[in-house]
Amino acid sequence: MTSKDWRKSVVYQIYPKSFNDTTGSGQGDIRGIIEKLDYFKFLGVDYLWLTPVYKSPMNDNGYDISDYYEINPDFGTKEDLKELLDQAQDKGIKIMMDIVINHTSTSHNWFVESKKSRDNEYRDYYIWKDGTYDAPPTNWESKFGGNAWTYDDDTNQYYLRLFDVTQADLNWENEEVRRKIYDMINYWIDFGVDGFRFDVINLISKGEFKDADGPGKEFYTDGPKVHEYIKELNLETFGGKDIMTVGEMSSTTIEHCLKYTRPERNELNSVFTFHHLKVDYPGGEKWALADFDFLQLKRILMEWQEAMDQGGGWNAIFWCNHDQPRVVSRFGSDATEEDRVLSSKMLAIALHGLKGTPYIYQGEEIGMTNPGFTRIDQYCDVESLNAYTSMREKGMSIDLVMRILASKSRDNSRTPMQWNDSKHAGFTEGYPWIEVADNYGTINVEKALEDKNSILYTYRDLIRLRHEKDVLTYGDVRPHLMGDDDLFVYERLYEGERITVIANFRNKAVEYPPDVERGGEVLISNYDKTAEVLRPFEALMIYGQDS
Ligand code: TEU
């Protein structure tokens, strides 16, 4: 594939720790990914994105990097990574690395030095500010709960950490920091990687350090110099090279995302945004139970589709990642086996017709579900454990807190990949670092491969269609029936071709919408034949001419 065609790619996200263990350690490793390359070849994906595999104390599962140039021995060696790149390349698959440059681990040598004294040469690599023992520099909240500043006894100052206490924010104002980051990225480009996912890249430019009315996001989200920094990053590293980039954008706006992705601005190829994944946060609160708001979901997805399309930007499109619960348990239904299969396929069809780069999160292609943990000792994620403590401190009952975690925790998508029905789902011969969901006897890759009607084959067909039909890549987006409570309907239009996507999000029969053109060939569906009405969770993609 030439660099010109990157827009036709489909990406598969791997969470290496939970993917495939070849050593019996209970944690997945790079050789485990190599072992499964034929599986990706079968699926037909173009890129694999690996969440961080660098040296790390793993307090946030690798998003706390202590050495950007080393591989965490739990995952293997640099030679393993090289072998993965080579073998993947032989099969026509490219590798994207995760780059975490908003912060480092506090075990990173830069921070260890920085913390030694106020006049240490690395002091200014991080954001140190004065405060008093009980009054931090500002009242900003950490994304993982509590105040965003941590007091250091030795030097009597606070350092900023928007995430965990062990994830200190880098000072991007410091040119030397930026230079070292660019050198590191160039090292990985020379190493042979084909793309990058930039972690929370829109948080790197901090503005004023003032108290906020809310959590303080406005002081560092899409901050004053963010575009300047990203342009510099582009120019100094991947710009002009055959490297695909996606920026993870926290609480961003369409206006900024157009700037991040318009090709002529030389920033990034594409963006992950999350507004559509907050439609089950009542009053903006993640740690609460609520049905998802279907009309809001459609509104947000279509607003981004249209604005990015018309403005010449580019979205990454996705239902799930390692920070989100499983989509079938969230926007579909896992109540019965039939519901799970139908609604997983429906969600896949609804998403893969959209404009942008589709991302598939490991296990989504076989319809993996939330594991339904019921005890706090089953959870590992730092955010979930903090949320547990804070909810309990507020006086919420254990029962309610456990139900909220079972629906919202990031660990929902971090349970081991379900390969077959043998012990621990074939993920490890040791003892898994986090429990395997107990439905692995029914939901696993081996079973899915044997059944041509499985969810896996729907994903495979959707990936093939993305490669075959230019209209899916380049077509304009035309939403329909935005006020309909049950159906998600849109068209894609390109050079006289039309694809219509109709998805029934409800577990009940619904009339076909009379005004939607549905003549043409059914490219893909989750039912054998069409009927007079749309059956429960029915979804189809229809291909025709645009008159
Ligand atoms: O996530 C950034 C982020 O803000 C989230 O999606 C976050 O997990 C969520 O808001 C919590 O509710 C990225 C990574 O994807 C995540 O795994 C890391 O923990 C985080 O950055 C810090 O590096």
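Here are a few things to note about the model shown:
- Of the residues making up the stretch 357-391, those that are among the charged types (D, E, K, R) and assigned to a loop (DSSP other than H, G, I, E, B) are ARG375, ASP381.
- Flag for VAL489 being among the aliphatic types (A, V, I, L, M) and either assigned to a helix (DSSP H, G or I) or surrounded by fewer than 18 Cβ atoms within 10 Å (Cβ to Cβ) (or both): no
- The stretch 381-426, residues that are under 17 Å from GLN362 (Cβ atoms), under 19 Å from the mean Cα position of the chain (by Cα) and of a type in the set (A, V, I, L, M, F, W, C): MET417
- Residue count for the stretch 322-346 under the criterion of being assigned to a loop (DSSP other than H, G, I, E, B), away from the ligand (no atom under 16 Å from the Cβ) and farther than 21 Å from GLY441 by Cβ: the result is 1.
- Reported count of residues in the stretch 18-31, each being buried (at least 23 other Cβ atoms within 10 Å of the Cβ) and either acidic (Asp, Glu) or over 21 Å from the mean Cα position of the chain (by Cα) (or both), is 2.
- For the stretch 137-148, the criterion of being within 22 Å of the chain's Cα centre (by Cα), within 16 Å of the ligand (Cβ to nearest atom) and of a type in the set (S, T, N, Q) is satisfied by at least one residue.
- Residues of the stretch 392-424 that are away from the ligand (no atom under 14 Å from the Cβ) and not in a loop (DSSP other than H, G, I, E, B): ARG392, GLU393, ILE398, ASP399, LEU400, VAL401, MET402, ARG403, ALA406, LYS423, HIS424.
- Inter-residue pairs, beta-carbon under 6 Å, first more than 21 Å from GLU435 (Cα to Cα) and in the stretch 381-396, second among the small types (Gly, Ala, Ser) and within 15 Å of the ligand (Cβ to nearest atom), 6+ apart: SER390/GLY145
Each value in this text was obtained by applying a stated rule to the coordinates, not by laboratory testing. On a predicted model such as this, the values are computed, not experimentally measured, just so you know. Positions of Cβ are generated from backbone atoms using ideal geometry, with glycine treated the same way; all protein chains shown enter the neighbour counts.
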